[in-house]
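Here's the structure we're looking at; comments come further down.
The values are calculated or read from the model by the stated rules, or taken from the named source; none is laboratory data. Note that this is a predicted model, so its numbers are computed, not measured. Because the Cβ atoms are built from the backbone with ideal geometry, glycine has one as well, and the counts that use them run over all protein chains shown.
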Amino acid sequence: MNEPHELHEDESNQDLAELRAIIEEYDDEADECTIFPSDVPNDRETTTWISAKAGSFVALDDQQ
C-alpha cells in the first residue's frame with residue numbers, strides 16, 4: 001500500500017498551476033466537465049487532465 005505523501009517545507013514554495021474547467025454539453029448523453037492546467041506543455045496535453053460526467057460534479061456557487 002502506498003503511504004501518503006508528506007509535504008516538505010521546500011515543496012510548499014513551488015508555484016501552483018492555474019487550472020481551467022470546460023463543460024461540454026451533449027444532447028444524447030451526460031454533460032462532461034474537464035479540468036486541466038492552463039500552462040501544460042504540448043507533449044503532456046493528452047495526459048494532464050481529469051474529466052467527470054454530469055452528476056459527479058456541482059457548481060461551486062451551489063456549495064458555498
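Quick notes on this one:
- Of residues in region 33-47 being under 13 Å from Ala17 (Cβ atoms) and surrounded by 12 or more Cβ atoms within 10 Å (Cβ to Cβ), the one modelled with the lowest pLDDT: Val40
- Pair list, Cβ < 6 Å and 6+ apart or interchain, from region 29-56 residues that are polar (S, T, N, Q) to residues that are loosely packed, with under 12 Cβ neighbours inside 10 Å: Thr34/Ile22; Ser38/Glu18
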